[in-house]
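Taking it in order: structure first as structure tokens, then the write-up.
The values are calculated or read from the model by the stated rules, or taken from the named source; none is laboratory data. Remember, it's a predicted structure, so these values are computed and weren't measured experimentally. A quick note on method: Cβ atoms are made from the backbone with ideal geometry, for glycine too, and the neighbour counts reach across all protein chains shown. For the accessible areas, the whole protein counts, side chains as well, though only heavy atoms, and no ligand, DNA or RNA atoms are used. Shrake-Rupley method; radii C 1.70, N 1.55, O 1.52, S 1.80 Å.
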Amino acid sequence: MTAQLVASRDDLEPGEALRLELDSADGSLVEVALVRAEDGEYHAINDICTHGQVSLSEGEVEGNTVECWLHGSVFDLVSGQPLSLPATRPVAVYPLTYDGDKILVDVDSPAAPAD
Ligand code: FES
């Protein structure tokens, strides 16, 4: 599957995040956190914290990071890497492109696959 339309640029304010379920090429659903960083740029990461099974889109966005609401691990939105414990494994980061006002995400080609 190729990049799929997920939102428009003005759907989120800086600092907001949205949970999406996107179809992958193998037919499975991929849970994605679409996050608008405080600089206004969008990022798409796997929505499930690698420490527990909670949604990162419900966390706090700060700068280019999102903080898991349950135990406080902070994930880099660009690399997917955890910047603080207790999480030690990265979340997948998905390629995100713009087509005019539209936002497209490709969940089949993660730029930074999770372990
Ligand atoms: S569940 Fe996210 S840091 Fe523990």
Item to check | Options Ala44, Gly80, Val66, ranked by Cα towards positive dipole end of the chain, top entry (Cβ charges) | outcome: Gly80
Item to check | Cα-centre dipole for the chain with unit charges at Cβ (Lys and Arg positive, Asp and Glu negative), debye to 20 | outcome: 260 debye
Checklist entry - If you roll a 1.4 Å probe over the chain with all protein chains in place, what percent of the accessible area is carbon or sulfur? => result 47 percent
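Probe radius 1.4 Å, ligands and nucleic acids left out: which of Thr97, Thr88, Thr50 has the largest accessible area, and how do the rest follow?
Numbers: Thr97 75, Thr88 105, Thr50 30 Å².
The most accessible residue leads, giving Thr88, Thr97, Thr50.
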Checklist outcome for this item: With every protein chain kept in place and a 1.4 Å probe, the chain has an accessible area per residue in Å² of 50 Å²
Item to check | Virtual spin-label span in nm between Gln81 and Asp108, 7 Å along Cα→Cβ | outcome: 3.0 nm
Next on the checklist: Less than 18 Å from a label point 7 Å out along the Cα-to-Cβ axis of Ser28: which backbone N atoms in segment 40-73 qualify, by residue?
Outcome noted: 45-56
Next on the checklist: Rounded to the nearest 10 Å², what accessible area does Glu16 have for a 1.4 Å probe in the complete protein model?
Outcome noted: 80 Å²
Item to check | Pairwise Cα inverse-distance average, inverted: Kirkwood Rh of segment 75-115 (Å) | outcome: 11.1 Å
Checklist entry - Taking the Cα centre of segment 1-45 as origin and charging only Cβ (+1 Lys, Arg; -1 Asp, Glu), how large is the dipole, in debye to the nearest 20? => result 100 debye
Checklist entry - Between segment 22-61 and segment 62-103, what's the alpha-carbon centroid distance in Å? => result 8 Å
Checklist outcome for this item: P(r) of segment 4-105 over all Cα-Cα pairs, 5 Å bins starting at 0, rounded to whole percent, reads 2, 15, 26, 26, 17, 9, 3, 0
Checklist outcome for this item: Between the modelled labels at Glu16 and Tyr98 (7 Å from Cα along Cα→Cβ) the distance in nm is 1.7 nm
